[in-house]
1. Tell me, what ³J(HN,Hα) does each residue in segment 94-107 have, in order and in whole Hz, if you take phi through Karplus 6.51 cos²θ - 1.76 cosθ + 1.60 with θ = phi - 60° and put x for Gly and Pro?
2. ³J(HN,Hα) across segment 113-118 via Karplus (A = 6.51, B = -1.76, C = 1.60, θ = phi - 60°), whole Hz, x for Gly/Pro?
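Values in this text are rule-based calculations from the coordinates and carry no lab data. Not measured: the values here are computed from a predicted model.
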Amino acid sequence: MDKNLLVEYIPFKPIGTVNEQMAKQYGVPGGLVVQGVLQRAGAKNQNGRVYPKNILDREAKKYQKDYIDQNRALGELDHPDSSVVNLNNVSHNVLKMWWKGDDLCGAVQILETPAGKILKSLFEAGITLGISSRGLGSVKELYKESAVEVQEDFELICFDFVSNPSTHGAFLRPTSMNESVNKIKPNKYNKVNEIITSILCDDGKCRI
């Protein structure tokens, strides 16, 4: 079977900034960390795909060993149509993953890169965001379930943050990061372009 680029979108819940205890636990100096469900096993998702838990667990262990343990579990801001993580657009790093029932959960640190600063500013402005997994693999039709099942050749690539997921309800909305976020008015959600422009032009020279 030919491998295709498979992308999925899952809701994500932010936990705010890293305190001293969390910094010690994750082995990071601090900064904004968000956590939530990265992927779901054994259930038909909004894209009509089912990820068997044994396959997802295998890829999670591989991702832990090859990327998280080596502090290089990087992801991008928005989904490229590529199987390669572009360092120019890296915005975050996955710190930890764990299972909670059939949900694969994770903690993600927002980096101080150009894309990471945009991502952080969007969170602080109360912009609704989503998380998305990216992988390569083939699928098999499950006619009775009206779904397709991801096959043994699946390879997990990374997790990206996205602004416009196609899956209904797959968004992250910060509600408990800090007091200032909770006080933001709804009309601030429409200022995405303003935020991005201000960051890209923070030195007086626009890079867009």
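1. Using θ = phi - 60°, the values come out as 6, 8, 7, 9, 7, 9, 10, x, 9, 9, 8, 9, x, 10 Hz.
2. Each residue of segment 113-118 in turn: 8, x, 5, x, 5, 5 Hz.
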